[in-house]
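Below is one structure, written out as structure tokens, with a few remarks after it.
Values in this text are rule-based calculations from the coordinates and carry no lab data. Bear in mind that the values here come from a model prediction, so they are computed numbers and not experimental data. All Cβ positions, even for glycine, are placed from backbone atoms using ideal geometry, and neighbour counts span all protein chains on display.
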Amino acid sequence: MTTAIIVNEVYKKFGKSELPFWRRIFGHTNGNGSNGNGHNGHNGNGAKAAEKSKVVVAVDKVSFTVGTGEIFGVLGPNGGGKSTLIRLISTLLLPDQGSISVFGYDVVRQSMAVQQIINRVSVEASFFKKLSPMENLLYGARLYGQDGAETRKKVVDILTRLGLEKRAIYNPMEEMSRGMQQKVAIARALLTKPHLLLLDEPTTGLDPRSKREVQAVVREMREKSGTTILLTTHDMVEADQLCDRIAIMNSGKVIALDTPAELKKLIPPKDGQETTLEDVFIELTGKKLVNEEEETV
Amino acid sequence: MTTLTYQIRASYAFVERNINLIKRYWSWELVWLVYSIADSLAVSFIGLGVGKLGGGNPSTADTNYLVIYLLIGTLVWRFLSTIFYWITNLIGIERWEGTIEYTLMAPVRRITHMAGQTFFAISYSLFFTGMVLLATALVFKIDLSKANLLGGTLMLLAGSFSFVGIGVMASVLPLLFPERGEQMTHVFIALLLLVSGIYYPVDVLPPVLQKLAVLSPATYVLEGTRRTLLEGLPTWDLWQYIWPVLLMGAVLIPSGLWVFSMAERYAKKTGKLHRNG
């Protein structure tokens, strides 16, 4: 299997120290922070320095590779750094340290080449709300150099396959449910036939039936087109069923990475019950899953 | 597919999207048109009222000339400011809708992005200003027998490029300041309105502001348009007004693109793309 993504020692922090620059220069803090998840990054030189710092480390020296055609899952609590990682891969953020390459292209130096072969579906289905799915998808497809007439046909095909009524394709997005909007977001990504599809909690907030439909599309993309998929999710069952390998992130770090079966072996069964991914997650992160709609970091 | 075809299609994406947005927000456009017509009429009526001002003494002012002088000011300003707002909307509307990450993640060169938005902005501003002109022409008996209409249009088009450059620079504000950036762009337009002689000759301004007027492309566009429409200045004599605005456009557009690329890099460094205003 060839390599689709190489993430090498990637570090990303947000915010800036509120200390005056001379105090930062003369070493009153170590300037690199400890970790994220809402915690102040500065440590080591007293509580005062930490209090005056608003640095949040979102991704902390993360490294992994993803093979071509693999479905790679990233699990983590809210604020664990999953969405930041996806934004770094999708050229929407620049890493402070480390490097990321997608099919051999560096995301910083060759961002245009990377953008041509990727697409992303985020937890917020971001659209021009007054425009219809057809108008939104035409806009999205044209940005990727696609022909209008061909796109119109494809839009109808894809959206009806995803369960949208034909009538809904021409009505404003604001009249659609969140689940429907999310399906349109998935269609937007499918239209451009990406080599790498980044799915940032694509099924959060969907009803069980819509969830299954989306999961079926993900599988089909991999099987029919060989698309590599990087998926973040809060749904442990979904991760278990869909992903070939899973990385568990906490406070910006990858704390475990393996196949779902191997991850489950990390925790011995309790009370005769088979270990689930959720058991592994809680054991490793010390946190329960929070099913919030959005991640803040 | 060649790179050129790819970029032309991508550029057309912005034109088509804006046309679709106007269709969907047609009621807002109608309100804005009514406001613009009322604004142009209100300012132009000052010309008719001048004769009754000054303590009841009959004025020697040529009211027809004054009305057209003010009307040209409002129309030129409507044209240039509409271009400016559509260009700054490059980011503002994406912030509003929450689509900015999708647009900036697409494999589209920023110059392609700007070209599509510019083509739309100039075309729509011409159409919109034309509608205001038609409506005001129904109210005032405008004598345009001496007017050089071709020259006036040429002057407007030449001046539009420098406003595109200013608009691109201003569009970084919504990029850098998600919450209030769009409102901050009004400062550009307010300063240009003050110094460019929209409703009065520039030489009535204090010396400091007169010096600033030299740097405003609107000053040349207004002077050139007024001379072609009021005095019938031949098109070839417009060059004295056209070359300064073309020069400003040649400096402002590349500078604007450079400023925008720096701002985009900063936004990607600091994570400002994610926050929707």
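A compact table of results
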{"read-out": "Of the GluC sites (Glu not before Pro) in the range A:112-167, those whose Cβ has at most 15 other Cβ within 10 Å and which sit in DSSP loop", "value": "A:GLU165"}
{"read-out": "Under 15 Å from the Cα of A:LYS224 - aspartates and glutamates, other chains or at least 8 residues apart", "value": "A:GLU70"}
{"read-out": "A:SER63 paired with B:LEU194, simple spin-label distance in nm, labels 7 Å along Cα-to-beta-carbon", "value": "5.7 nm"}
{"read-out": "Ordering of A:192-198, A:278-284, A:70-76 by burial proxy (mean other Cβ atoms within 10 Å per residue, highest first)", "value": "A:70-76, A:192-198, A:278-284"}
{"read-out": "Cleavage-rule hits (trypsin sites (Lys or Arg not before Pro)) in the range B:104-174: DSSP loop, at most 15 neighbouring Cβ within 10 angstrom", "value": "B:ARG109, B:LYS141, B:LYS146"}
{"read-out": "Evaluated at q = 0.14, 0.16 Å⁻¹: base-10 log I(q)/I(0), Debye formula over Cα of the range B:3-270", "value": "-1.02, -1.27"}
{"read-out": "Mean Cβ neighbour count within 10 Å, used as a protection proxy, ranking A:241-249, B:191-199 highest first", "value": "A:241-249, B:191-199"}
{"read-out": "Simple Cβ-charge dipole of the protein assembly as shown, Lys/Arg +1 and Asp/Glu -1, about Cα centre, in debye nearest 20", "value": "580 debye"}
{"read-out": "Most mobile listed residue (B:TYR241, B:TYR35, B:TYR12) in chain B, GNM with C-alpha springs under 10 Å", "value": "B:TYR35"}
{"read-out": "Residues whose placed amide H lies under 5 Å from that of A:THR233, excluding near-sequence neighbours", "value": "A:VAL74, A:GLY76, A:GLU201"}
{"read-out": "Mean separation of Cα contacts under 8 Å, 6 or more apart, over the residue count of chain B: relative contact order %", "value": "25 percent"}
{"read-out": "Extension gain (nm, one decimal) between B:ILE46 and B:VAL204, 0.36 nm per residue minus Cα-Cα", "value": "55.1 nm"}
{"read-out": "Farthest toward positive dipole pole in chain B [+1 Lys/Arg, -1 Asp/Glu at C-beta], among B:LEU133, B:GLY51, B:TRP243", "value": "B:TRP243"}
{"read-out": "On Cα atoms only, tilt of B:239-270 relative to the major axis of chain B in degrees", "value": "30 degrees"}
{"read-out": "Centroid-to-centroid separation of the range B:63-129 and the range B:245-277 [C-alpha atoms, Å]", "value": "16 Å"}
{"read-out": "Shielding score for A:57-64, defined as the mean number of other chain Cβ atoms within 10 Å", "value": "0"}
{"read-out": "Equivalent ellipsoid semi-axes - Cα gyration tensor, the protein assembly as shown, angstrom", "value": "54, 28, 20"}
{"read-out": "Helix-only [θ]222 nm of chain B, DSSP H runs n ≥ 4, -39500 (n - 2.57) each, per residue, nearest 500", "value": "-26000 deg cm²/dmol"}
{"read-out": "Förster radius 41 Å - calculated FRET efficiency between A:ASP207 and A:LYS270, Cβ distance, rounded to 0.05", "value": "0.85"}
{"read-out": "Rough spin-label spacing in nm, given labels placed 7 Å along Cα→Cβ, for B:ALA250 and B:THR63", "value": "4.6 nm"}
{"read-out": "Euclidean distance of C-alpha centroids, the range A:210-224 and the range A:230-288, integer Å", "value": "21 Å"}
{"read-out": "Loop trypsin sites (Lys or Arg not before Pro), the range A:95-137, which have at most 11 other Cβ atoms in a 10 Å radius of their Cβ (DSSP)", "value": "A:ARG109"}
{"read-out": "Rounded to 10°, Cα long-axis angle of helix B:149-170 versus longest principal axis of chain B", "value": "40 degrees"}
{"read-out": "Residue-by-residue Karplus 3J(HN,Hα) for the range A:116-128, coefficients 6.51, -1.76, 1.60, Hz, glycine and proline x", "value": "5, 10, 10, 8, 9, 10, 9, 5, 8, 7, 7, 9, 6"}
{"read-out": "Segment B:VAL34-B:THR235, length gained on full extension (0.36 nm per residue, minus Cα span)", "value": "69.1 nm"}
{"read-out": "B:LEU157 paired with B:GLU179, simple spin-label distance in nm, labels 7 Å along Cα-to-beta-carbon", "value": "4.5 nm"}
{"read-out": "In Hz, Karplus ³J(HN,Hα) per residue of the range B:175-188 (6.51, -1.76, 1.60; θ = phi - 60°; x = Gly, Pro)", "value": "6, 8, 10, x, 7, 10, x, 5, 5, 5, 5, 5, 5, 4"}
{"read-out": "With 10 Å bins from 0: P(r) over the range A:154-213, alpha-carbon pairs, percent", "value": "21, 55, 23, 0"}
{"read-out": "On Cα atoms only, tilt of B:217-230 relative to the major axis of chain B in degrees", "value": "40 degrees"}
